[in-house]
Amino acid sequence: MKFGVIVFPGSNCDRDAIYVLRDLLGQPTRAIWHQEIDVDDLDAIVIPGGFSYGDYLRCGAIARFSPVMNRVIEHAERGKFVLGICNGFQVLTEAGLLPGALVRNRDRHFICDRVSIRVESDRSPWTRAYRSGQVIELPIAHGEGRYYADAETLQALEDEGRVLLRYCTPVGKLDASGNHNGSCHNIAGITNRAGNVLGMMPHPERASDPILGNNHGRALFTSLLANSAIA
Ligand SMILES: NC(=O)CC[C@H](N)C(=O)O
């Protein structure tokens, strides 16, 4: 499967994503500078974490005007895969590929931690290598990670099974103590209606190499590779 990882001025997780995809999983992967517009050959585009344009205005608000973003939208409309991680999730909401917004964390602090995440369904191309209800541990590192959407949008996300990841306690309970940034409905990751676009605040690429002591994020990438094997 051919991957591209977008690089904006201020991205800082692009190399980690490339390392996982190319070096750990052996997939052809290239960095895409945000001014490039030739992405037709890619099967999957990753928008990585970081501080694009220094997080000025709002996280992701400037990056979404980069030339490559129109191509990312076209790529998504063709049903190809797009993964936004952390700042990438923020960019996807700013670009309108995913609903809602990521706003300042409930306690106003930047949070850098490892947290429990419940995988809500294994029936998505992103999570088929997990089990529904499985609790995993992933790193988070964000100042504006609190997912917000109006009641109607939240209802639609729930009704359509598009909430794929939620913050939870280590035993999988959805209470306030597990919801570190105060996200609506404990939301840590959602898909678009078609399911080919995923935005998530936790960092699976920082938890994919066993040498780091936790590789719970790796199955997200292997799930995706399984799709191409099935196809
Ligand atoms: N790790 C990240 O991608 C951080 C995203 C963004 N800069 C924030 O602080 O919310």
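A few comments on the model shown:
- Test: residue in the stretch 146-164 that is in contact with a Cys (Cβ under 7 Å, 6 or more places away or on another chain), within 30 Å of Arg78 (Cα to Cα) and away from the ligand (no atom under 16 Å from the Cβ): yes
- Screening Leu224 on (1) crowded, with 21+ Cβ neighbours inside 10 Å; (2) within 17 Å of Phe89 (Cα to Cα); (3) touching a Pro at 6+ places or on another chain (Cβ under 9 Å) shows it passes everything except condition (2).
- Of all residues in the stretch 13-53 being polar (S, T, N, Q) and surrounded by fewer than 20 Cβ atoms within 10 Å (Cβ to Cβ), the one that is farthest from the chain's Cα centre (by Cα): Gln35
- Any hit, the stretch 64-85, residues being polar (S, T, N, Q) and either on the phi > 0 side of the Ramachandran plot or outside any helix (DSSP H, G or I) (or both): yes
- For the stretch 64-71, the criterion of a residue being surrounded by fewer than 22 Cβ atoms within 10 Å (Cβ to Cβ), touching a residue at least 40 places away in the same chain (Cβ under 8 Å) and among the aliphatic types (A, V, I, L, M) is satisfied by no position.
- Filtered residues of the stretch 185-215 (kept if surrounded by fewer than 24 Cβ atoms within 10 Å (Cβ to Cβ), hydrophobic (A, V, I, L, M, F, W, C) and under 23 Å from Ala156 (Cβ atoms)): Ala194
- For the stretch 132-145, filtering for residues that are more than 16 Å from the ligand (Cβ to nearest atom) and not in a strand (DSSP E or B) leaves 3.
- Residue count for the stretch 180-205 under the criterion of being closer than 17 Å to Val119 by Cα and among the basic types (Lys, Arg): the result is 0.
- Residue under evaluation Ile32, criteria (1) under 19 Å from Val197 (Cβ atoms); (2) within 16 Å of the ligand (Cβ to nearest atom), criterion not met: (2)
- Ala129 vs. criteria away from the ligand (no atom under 16 Å from the Cβ), modelled with pLDDT of 95 or more and exposed (fewer than 14 other Cβ atoms within 10 Å of the Cβ): no
For every residue, the table says whether it meets (1) among the β-branched types (Val, Ile, Thr); (2) in contact with a strand residue (DSSP E or B) (Cβ under 8 Å, 6 or more places away or on another chain); (3) within 16 Å of the ligand (Cβ to nearest atom); (4) not in a loop (DSSP other than H, G, I, E, B).
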{"position": "Ile37", "(1), (2), (3), (4)": "yes, no, no, no"}
{"position": "Leu42", "(1), (2), (3), (4)": "no, yes, no, no"}
{"position": "Val46", "(1), (2), (3), (4)": "yes, yes, yes, yes"}
{"position": "Gly88", "(1), (2), (3), (4)": "no, yes, yes, yes"}
{"position": "Arg118", "(1), (2), (3), (4)": "no, yes, no, yes"}
{"position": "Pro125", "(1), (2), (3), (4)": "no, yes, no, no"}
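- Test for Arg104: is it basic (Lys, Arg), within 13 Å of the ligand (Cβ to nearest atom) and in contact (Cβ under 8 Å) with a residue 12 or more places away in the chain: yes
- Among the candidates Leu25, Leu102, Leu83, residue that is more than 17 Å from Pro139 (Cβ to Cβ), at pLDDT 95 or above and not acidic (Asp, Glu): Leu25
- Complete set of residues in the stretch 86-145 that are charged (D, E, K, R) and over 19 Å from Gly54 (Cβ atoms): Arg106, Asp107, Asp113, Arg114, Arg118, Glu120, Asp122, Arg123, Arg128, Arg131, Glu137
- Only one of Gln155, Gln134 that is loosely packed, with under 13 Cβ neighbours inside 10 Å and at pLDDT 95 or above: Gln155
The values are calculated or read from the model by the stated rules, or taken from the named source; none is laboratory data. Note that the coordinates shown come from a computational prediction; the quantities given were computed from them, not determined experimentally. Every residue, glycine among them, receives a Cβ derived from its backbone with ideal geometry; neighbour counts consider all protein chains shown.
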